[in-house]
Structures are given as structure tokens and as C-alpha cells.
1. Tally up the residues in the stretch A:132-187 that are of a type in the set (Val, Ile, Thr) and within 16 Å of the chain's Cα centre (by Cα), please.
2. Go through (1) of a type outside the set (A, V, I, L, M, F, W, C); (2) over 23 Å from residue D:30 (Cα atoms); (3) within 24 Å of the chain's Cα centre (by Cα); (4) in a helix (DSSP H, G or I) one by one and return the number of the condition residue D:257 breaks.
3. If you go through the stretch A:252-286 one residue at a time, how many are among the acidic types (Asp, Glu) and modelled with pLDDT of 95 or more?
4. Can you confirm whether residue B:189 is crowded, with 21+ Cβ neighbours inside 10 Å, within 19 Å of residue B:216 (Cα to Cα) and touching a Gly at 6+ places or on another chain (Cβ under 6 Å)?
5. Looking only at the stretch D:216-237, count how many residues are surrounded by fewer than 17 Cβ atoms within 10 Å (Cβ to Cβ) and modelled with pLDDT of 95 or more.
6. Looking at residue A:82 and the list (1) at positive phi; (2) part of a helix (DSSP H, G or I); (3) facing another protein chain (nearest Cβ under 9 Å), which single condition is not satisfied?
7. Taking the conditions exactly as written (hydrophobic (A, V, I, L, M, F, W, C), surrounded by fewer than 19 Cβ atoms within 10 Å (Cβ to Cβ) and within 12 Å of chain B (Cβ to nearest Cβ)), does residue A:183 satisfy them or not?
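The values are calculated or read from the model by the stated rules, or taken from the named source; none is laboratory data. This one's a predicted model, so the numbers in the text were calculated from it and none came from an experiment. Cβ atoms come from the backbone with ideal geometry, glycine included; neighbour counts cover every protein chain shown.
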There are 4 protein chains.
Amino acid sequence: MAENLPPMQYRFLGRTGLKVSAISLGGWLTYGGHVDDEKTYSCMKAAYDVGVNFFDTAEGYEGGKSEIIMGQAIKKFGWKQQDLVISTKIYHGQANAANPANPLNNKGLSRKHVIEGLDLSLKRLDLPYVDIVYAHRPDRQTPIEEVVRAFNHVINQGKAFYWGTSEWSASEIASAWRVADKLGLIGPVVEQPQYNLLARERVEAEYRWLYAEHGLGLTVFSPLKQGILTGKYNDVAAPPPGSRLAEGDGRSAFITNFAKTFGDETWKANLAVVARLKPIAEELGATLAQLALAWALKNPNVSSLITGASRPEQVFENVKALAVVDKLTPEILAKIEEAAQNAPEAQPLRFV
Amino acid sequence: MAENLPPMQYRFLGRTGLKVSAISLGGWLTYGGHVDDEKTYSCMKAAYDVGVNFFDTAEGYEGGKSEIIMGQAIKKFGWKQQDLVISTKIYHGQANAANPANPLNNKGLSRKHVIEGLDLSLKRLDLPYVDIVYAHRPDRQTPIEEVVRAFNHVINQGKAFYWGTSEWSASEIASAWRVADKLGLIGPVVEQPQYNLLARERVEAEYRWLYAEHGLGLTVFSPLKQGILTGKYNDVAAPPPGSRLAEGDGRSAFITNFAKTFGDETWKANLAVVARLKPIAEELGATLAQLALAWALKNPNVSSLITGASRPEQVFENVKALAVVDKLTPEILAKIEEAAQNAPEAQPLRFV
Amino acid sequence: MAENLPPMQYRFLGRTGLKVSAISLGGWLTYGGHVDDEKTYSCMKAAYDVGVNFFDTAEGYEGGKSEIIMGQAIKKFGWKQQDLVISTKIYHGQANAANPANPLNNKGLSRKHVIEGLDLSLKRLDLPYVDIVYAHRPDRQTPIEEVVRAFNHVINQGKAFYWGTSEWSASEIASAWRVADKLGLIGPVVEQPQYNLLARERVEAEYRWLYAEHGLGLTVFSPLKQGILTGKYNDVAAPPPGSRLAEGDGRSAFITNFAKTFGDETWKANLAVVARLKPIAEELGATLAQLALAWALKNPNVSSLITGASRPEQVFENVKALAVVDKLTPEILAKIEEAAQNAPEAQPLRFV
Amino acid sequence: MAENLPPMQYRFLGRTGLKVSAISLGGWLTYGGHVDDEKTYSCMKAAYDVGVNFFDTAEGYEGGKSEIIMGQAIKKFGWKQQDLVISTKIYHGQANAANPANPLNNKGLSRKHVIEGLDLSLKRLDLPYVDIVYAHRPDRQTPIEEVVRAFNHVINQGKAFYWGTSEWSASEIASAWRVADKLGLIGPVVEQPQYNLLARERVEAEYRWLYAEHGLGLTVFSPLKQGILTGKYNDVAAPPPGSRLAEGDGRSAFITNFAKTFGDETWKANLAVVARLKPIAEELGATLAQLALAWALKNPNVSSLITGASRPEQVFENVKALAVVDKLTPEILAKIEEAAQNAPEAQPLRFV
């Protein structure tokens, strides 16, 4: 099944010298959670074997279990860190229903939690360092100078090579750079936003001037909009019985909130876009998912698409999107735009 | 007795991202001294159980024994540092009557003592780092640049996350910030002053412009003015026989000096204030102590009140003050002001 | 054979306080490769005994084996690091035919590879630090700020004392200094270029203003132009059968490329220069190689000539060039210039 | 014999917060050399017992043996570093007749030797850090920026608290401060010069403006001018037979050079000064040595006089000078000036 796959592509992480596979594998909502350990190992092995070098996790994924199992896979297969790009994220802590005690400082971006949190992440991963550490959210209660200094502290201590952000506003990222420049420190080199054919505003409009100004790279999560862009919900009148969508999820507020949107107005509008995209995918001989991934990769500011997989086959299917990228001619892109009808308004760049 | 307590409140330590319990527990004059080890453990356990996360000690408390016993409690109960905020203070050394040898450099804020002193404190605490390290007094014989660099050194080495001051003048704190800003270093984020209804000048007048200018937080010691604000001395003609107040204290110059003030003019004036506060406390259904603590918590610049306790019950009594804070309406506060008659004169702010 | 050798000369590494032997020994194309371990030991011992203190290697030499065997020699002979100047170079990784897997980030000058690469080099060398770490090539895909910060990081961590460049353009070196100066960091103090009587442009023209401006030192590789300047190819119609030149080299792209130039126009022109130099060497009672080395040492910007040797005798022969330097009177130098006919055009200095 | 000694006095090391005993003990020309180990221990013990807290040594004293034996004394008596001020000096290396091999980089102030040299000193002392590390001489072949960065590196690594200079010119010290200020680094806080009644120019004239400008402290060596100021040479027609002065010293170039001056014009002039000082000492009931030490201590820029001792009695004799300081009234000082006839010309201060 891994045969006849297109060769992996690699991109620089923004303006840094680090290269990441255009398709990467993330542990969100899967590893350490509903995907069992053996499946996790086989997905990671499949990804590694087809050239994925970038594996993404977070302290907040499955209360830390995602880091544990992904670290075990690295040990199990004898992979070397110089062949991998490992990232984790600090902000959410490991608080979950089973461990509600004193989560006060065990989250956020205080100097205390950035340092303690990364130390605990490295312990769970059983690694001396990660390549990238993300601020998993902005922390509007901690001064940006404290945040910038804390991430530089862990970089200086050799616990990470680069730091980035996730779901920060453009002006928050710019503030971090302003403080970093003022103090001669290292700024955030990458942002991890949601980006897909149904969520374009932030990447295409809000962040627009950051790419040239600060060399910002993007490692994208939810490139398939929680599966909506695969088309699997287009003929579903109600959430599949027994699915997490139907029954909610005790662990993940994200899934619970997502389930609540099932069938609402936005949901229906999204399905309509998917329906209009379908003939274009068929014209290209691609699945809807592959079309959606290829479209996101067409954006030169995207360094990597972080995909999820609970079976190796899903890894292979996603990688096939690489072969679709070149088929996205100006004409096809125009058709996609017409189907999507959601291009953000062009804004004059602030600083260029 | 811990039942029906109001929930703990948490506040940021000044402008940092660190959250401390509004009521915290300090080892001053108690732990490692006249309070035995078992009592110390039970007080700390009681505090932890009602949500206190901030525990304060110093190299100078009981010649270092306060740090030893408080560190043992942390180990004994298996508490994790990410759930705690531990502070210690450097300045006084561990010199006491039993150890008079060569205290020359084993105190003060020289680079030597800040580094050596904190290393010894961490050894006594048996912890790899504290959250906050305070300069326990200003050292007017050591250049402020040496002091600022020394505290940044221990922060860079991972031995503390934040540094603060205790009993520094406003202009000394501002000088530290000026040097820190000039050198791109971290300034002191918190001051530990005395503050209570009988000692208001420094916090309400002298420091006034530092809160907005430098985001200074306050962790207050002696919020009950060595017990005077509990009213326990109001009907006492002479120091209780056998008490430390009557017999002095071989170890603590503070207690010895305090004992000397018994019955003097200021003492009498203070008791008069307490007498006038009593009906207000009764009106609110609170003890005098709870009224005094609640009043100090009403000050938004206060991050935490460091209380002492030699029995768990005292912890619970102090925590009940949290329920009184909201009862301090403008009318009640006006009555308190009238009773206290010691509001510092308003001064125009220097920099705002 | 080591008798009657001229005493070793030592020069500062550019403007630094480090002294290197004017003749040094490099592991390129020899140690860990076609020169066996015993020969490697005896060459290094011979060099050490005649006063060579500078030994040069690289992560990319023989896939890391050069570092391993040279480190073993240091251990074997009980040499102390304070008596040696050890350098290695980061850029090429250890990728070779036997290990093609994922060389993505295991090369270049990203922060990741500089730090990981040097750690692996130190492990192979079995040393806690090197004296000099070179950026073995410019990395035009990594921002110069990332590169400068990465080399400063390893210096701050005690893994190297100085950093330099190899085969960087003058403007790349100047850019590194500009970033270093802006950030208050340490700039590159030495460049390792090719320099010999047949390759003069870069050292004599392009770098000309860097010597005074940044105190740049030069550690020269290929001072004999891969042996052409020994005259050994002057009477050779075809590559010696069985030689690496005839049969290429599976490992080294350099040798393979060099072999391709055999007999071309530049090759012939070079041999003609050598033929014209021969009578000058004879007049001085020196070999052609000694004349060529002495001529390069006459350049005051040269800190050291990195020579190769597969037998101790070659070390001794090279060291004898030191006795020829003083014989290069203005008259002799004029004769050499006439024979070489390749003096770079004088350019006005940019900044002087 | 240690009875009835005046109490030790302590002074700040220049403008730092470190306090050193006004009389300190140095290992130069004694410990690890002609003074045997037991005598060394008893001298150090005697000094410690009378309040000396500052012990001075150097990598270059007796080829490193001074550091070894002084470190052993600290271990032997169980002294704690927080009660001591230990200094060593880097520059001369440990080169001596028995170890001439490759002293190239094993001396001077290159980054390599400062770091390697201090590491070796700490190993010999068997201590994790010293309080003060001196640049034992200026190194005019190493850029001052490299020197300043190297000493800051060892301070940042926790291997020393302060750095100073020894026998640097005023403009070299000022250059170091200029570079330190430009880069936001720590400058040299103390100079170790010769200073005594027969050698005053540098301390009283050349360095004059550095005290206020940079807070420079002085730790003085040779306060008795190699014994001349004790008067012991005044009735000696020839060097005492069998003395080091008569027979030279295979180890110390200093002693050999000093011996050469015996009886020359300067020698005679110095003896004449001593002869004129004698009645003043007698008037004060002090020895000549005590008068000379007390006179040097009268200079407020002097932090400590580093004295030598081969017997505990010498320590006690030197300490008695402390009782003489207050006897140096303006009238007595005027008499001393008249006897010395060597007051440096007053120079207008450059920067004040």
C-alpha cells in the first residue's frame, strides 16, 4: 500500500534552516488516546518509512499520554534525533478529569510553566530536547516579555532549537518579535494555525504581512477541517451512532464543541462547499481529501500539514496528495475558488 | 474545622504570569523554631488542603531550620513543585548565636553571597530551584548592578524563576529596574513589605507609582501587625508571663525589638485603633483578624498575605477572611478609615 | 629523518590569542580513509614531535572516521588538550553511500545541525571540546543570524573556543560579523580557504579588506594544489595506473572532480607554471613543494598551512619548508611572480 | 603569640560587595616551594584563626604546587568556601624547567588559556570555584575583547565570582571596562599591583582616576618590597651566604632578578629611605615592617595587603600592623613623606 507513493517533499520551517516534511504526523486526538499503542507504532513507522520526518505532539494531548507513546515509538524503532523533527507544545498543562488538583500554575505561559512544562514533556518523551517548542495558545495574562524570555531560556539551556506559537493573533506574534528584537533574543519562527479550504481568514489575511516581515513559517493543523473536507459527512443526516461525534468525548473539549456544530448553518454551508469541490477532485482523479491537502500545500507559506492517522493506510492516502499539488493549475485553482466562495478580502500590507 | 471555608482566591504575582494564593503560609518565627516538626507538617498540610499554594521562607529564618523543615514537609507529602510556589530570601545568612564564625561574606547581596546563599538554601530545602528568590533587605554597600546581575545569574542557571525585594525603598527598587533595563536583564517583580491597618505609608504612598511603572506585586508580611490587629493585646496590661514577648527571644532581634515597644506611645495609639475597629468587625460578623486581613486584600496591588500559623486552626481562621473581602463596601471602608485615622497623604505620582 | 629540521614556527590565529603551528596536519582524504590506523598514528606522532600543535578534521571527512581515528591518536599518546589546537568542521554531515537515510537536517548550518553535528563530532573525537569549529561551507538557505547564534551557542556551552568559516565569500563573512556586532556576539575569527601558487584570487583579492577590518586569520587547505605543485604530474602523460586519480574515488566527490580535470587546459597551464618554478626551487636548494609552502607562508595573513601526510617522512619534508621562507627575498619573489603570472589585480580596499 | 593581637579589619574589594581582610595571605614564593607542607598548613591555620579570610595564589606559583597545597589546607581544616575569599591568577601557565613541552597556548589570556587554565587551577585547588580570578599580566597579543569575554565566560559558568587584573596599565584596565560596558559585560573590579613605601607611582599616580571612575580595588603584593622595608638588609654588606638572594633561585625569575639588584644604586637609595624611616617606627613603638604595612593600609584604595609567611609568627607580626594604622597622624605621615622623598607628582585627573 506504501508502493507507488509520490516522493516526500520537504520545506523549510519558515525562514529557518530546518527542513520538515510537507506532510507530517501529529498525535492530537489519536495517540495516547483512542488509538492503541500498536496502531500508534505502526502509523509512526509507516510515516517514517515514507519520508515523514516531522512528528508533532503537545503536553496537553491526552493528558501527556501522546508524548509518552510517541517517545516510546522513537525508542522502539531506534530512530535518531538528528533524523527527526520533534515538536511539543506548552500551555494547556496535563490537567484532565483524573487530575484536577492545583492546575493554577501548571498551565499558561508563565516563566514557571514554560520551564517546568517543557521539562515534564521531555521526561514523558524521554528525550533530551525537542526541535520546536510551541506556545500552544497566547497567554494574555502573562507579559509578552516574560514569555519571550522563558522560551529563550529553554533554547539557551539546549532543551529546544526553535520556538513558535499556535493560534496567536498577528499582533501578538509581532509583539513577541518586537520584544525579542529589543532584547536581542530569538523570536517565534513558526505559527501553528488551523488552515484549510473552509478556514482561510487567519493564514491568508491576518498573518499576511508576517511572512515577509518575520519569515514566519506555518505548520498547519486540521487541514481537513476535522474530516469535513473528506466528504464523509455529506451524506450523513445524523452523527454516526457510536462515533465520538455522536457521543461527545469526555476528554476533549474540542471534539465536544465540534459535535455541537453538527448540522448547524455553518455546518451546512461547509457541506455545500464540499459538494461543489467534489467534481473538481474527480476531474483530477483525486479524493476530496487529497484535493484539500494539495490545495493547502499550494500556499508557499505553509511549511507542513500536520495530519492525523489511526491506521497506516491513512498516512499513505494523505501522502498521495503530494502528487496532486502540481495538477493545481491556475485554471483548477480558479475553479476551486469559485466552489469555495470564501477568499478573504485582500488587505493592503501594513509594513511592505 | 476546614469545612465551610470560602474557596481560596488566587492572584497574579504583580505583572508576572505566576499565580499565588491570596492567603499564603510563611515560616517566619515559627517553623524550625518554637513550632515543633509535627505541628509544622500539620499546618502546611492544612494550608495545602485549603488551596494555599504559596509557601514562604528565608535563609535567615531560625538559622536555616525553617527551610529544612519546610522542605521536609514537601517531600513528606509528595507535593510537586509545579503545584507550589516556593520562595526563599537571601541576605541575612544563617548567622546566629551558635555560629558566629566569619559571617563577613555569608550575608548581604554581594554576588558571592547571592549565589552561595541560594545554593545553600536549595540544599536545605532539598529542591532544585525555588519559584521566587527575594533580596531580603537592600544592601547599600553593594552596587545595585552587582545585585541585579547576581539575581539574573541564579535565574539563568535555573535556580529561581523570579526575583524580588523585601523592605527596599521605592527608589532602590527603581534603581534596580533602571540597571536591569540598561543591561537587558530581568528586574525585581515583587516586593515583600510589612502592610497592615497600622503600617500603610510604604505600600500606599512610597511605592505608589511602582505598580503601574514596573508592575510591582506585593507579598505582604505581618498583615496582623505581630498580632496587635487580632485585639489580643487590648486587654493586656503587661506581656503574658512566659510569653516570648515577656521574656525576649534569644534568636530573633525582631521579637526582642518588638517586645521593647510594649506599652509605649505608638503601642497605645495602635491599641486605640484596634478598639475603634472592633465594632466594625462585629457588624460584619467577623473577627478583628479577619477584618484586618480582608482590608489588606482589598488593595489590588497585594498579591498575597503571608500569614503565620502554629496550629491548623489558625490557617482556617485566616482563610475565612476571604469571605469578608466582599463585605467591605465603600461605606464600611469609610468607617474603617475613620477608625484608623492613618491614611497616608496623597502624593502626586512621579511618572504617570 | 626528523633530524636537522628547522624549528617549528607559530602564528596567531588571525587576531585571536591562539597560537597555531605554521605547518599543521589535516585528516582530509587520508585518516580514517586510505591511510591505515597505524600510519595515521605515526604521522600524527611525527607531527607532534616536530612541534605541530594544530590538527584539523571535519565531520564530513571519511564519514566521520577521520575524527574517530584522530581522537584515538590523542588518547593513545596521552596528549593534553592544552598542548593542542583541535578543529573540526560542521556542514557536510556524515552522509555517505552506506548511510543515505534522511540526510535532510543532518547537514548544513541550521541551529539543529550545528548543535547536533558538533555534539556528534565531539563524541567521535571523544573530547569535551574542540578549539575551533568551522562552518565548512556557507549555507545560503539558513539565515546568517541563525548561523551566528548557533556557533555562539556552542561556544557559550564550552564546546568550542572559536568559530570560523571555510570557503565563504568575503561578503558572507562580513555579514556574519555585521550580525554578530549587532547582537553583541562573537564573529568568525578564521577562514579556511584553498590557497597556493595556482589559486590566489580569493585570499589575495576578495578577502583583502577582511584582514584589517575583522582580524581574519587563514588556515589554508591544499597549499600544494592536490600535489600539482610538487611537480609529480609534470612528466605524467596519464594518471598513474591504480591511483585514485585514475580510478576515481567512491567516497570523495572532490577527488572524482579533480580526476576529471586531468589534462584539461587549466591543468596544462598549471603544469607550465610548475615547470617555470622548478629552476627557482633548484636555485634555493629546495624541492618544488617546499618552495610552494614557503611562498604561502610568506603571506602574513596565513596562520597555518594544513598539510596532509600518509607517511611521517612527508611531515618532515613539509616542515623543511620553514627553512625556505627566509630565502624568499624580494628578488626571488619577483622571479616567482614572473613564473606564476597569476597575481590578482589590485583592488582598492573598501573600508580602509 | 597570637594573643593581644589587634582585631582583624575588613574592607570591600573595591566597589564590590565582597569583604576581604585588610591583611591577607599569599602563596607566592613560599607554599608549594621552599616552605614545607606542615609549615604551610600552620601558617594558613594561624592566619584563619586571627581573622584572615582572603588567601591568594596563582597557576604560576611553584608550577601549580602552591594551588595544590593551599587547596589541601582548606580541605584539611574543613573550611567552608562561604567563609573564605580564594583567588587565583591565570597567565603564566605552569611552565617550569621540568615541563617545557608546548607552552604555546598554555599561558597568556587567550580564550583557550583563560578557560583551560582556570579549569586546571580549580582541579589543583580541588574547589568548584574561586572568588576572584585575576589576569596575572596584560596580554598585549590577545584582543582585549577576547580577554573580557573569556573572564565573563568563566563567571557565567560559575567558576569565579569576580575578575581582576595584575600589573596592568591604567589604560589597559580602562580599555577592558570600555569593552565590557559596550557589550554589557562585567569589567575587572580589582587590580593586584606592587605597592609599598618604595614603589608608589602606579598606585598613587597612574591608577588615580580609576578608583572613582570604575570603583577599582587594590590587593597589594610586596607591601614590604621583598623584605627591604623590614630593614633586614640595611646592615648587610653582601647577600647572606646560603640565602636565595646569594644563590639565585632556579625556579623564580623574580628572585633571580631581584638578587641582581643587590647593592646597586636603587638598592642603596632604598636602604637610605629605610634608614630614615627607622626612628619614626621607633617613635611609634612599631617595627619597620609594621610601619610600612600600616602606611600602605592608610591608602583608602587598598582593599588588602597580601603578605607572605613561612612561619605563623610572621602572620602575627604582620597583623600587629593594624594597631599602627591609627597612629599615623597627619604629623607622622608628613615625617614619613619627608623620609621617603618619593611622592609621585600630582597629576590632574583625566575624567573627574
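1. Qualifying residue count, the stretch A:132-187: 3.
2. (2)
3. Within the stretch A:252-286, residues that are among the acidic types (Asp, Glu) and modelled with pLDDT of 95 or more number 2.
4. yes
5. Within the stretch D:216-237, residues that are surrounded by fewer than 17 Cβ atoms within 10 Å (Cβ to Cβ) and modelled with pLDDT of 95 or more number 0.
6. So the condition that residue A:82 fails would be (1).
7. Against the criterion (hydrophobic (A, V, I, L, M, F, W, C), surrounded by fewer than 19 Cβ atoms within 10 Å (Cβ to Cβ) and within 12 Å of chain B (Cβ to nearest Cβ)), residue A:183 qualifies.
This table checks each residue for (1) in contact with a strand residue (DSSP E or B) (Cβ under 8 Å, 6 or more places away or on another chain); (2) within 12 Å of another protein chain (Cβ to nearest Cβ).
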{"residue": "B:63", "(1), (2)": "no, no"}
{"residue": "B:67", "(1), (2)": "yes, no"}
{"residue": "B:76", "(1), (2)": "no, no"}
{"residue": "B:108", "(1), (2)": "no, yes"}
{"residue": "B:111", "(1), (2)": "yes, yes"}
{"residue": "B:114", "(1), (2)": "yes, yes"}
{"residue": "B:119", "(1), (2)": "no, yes"}
{"residue": "B:124", "(1), (2)": "no, no"}
{"residue": "B:139", "(1), (2)": "no, yes"}
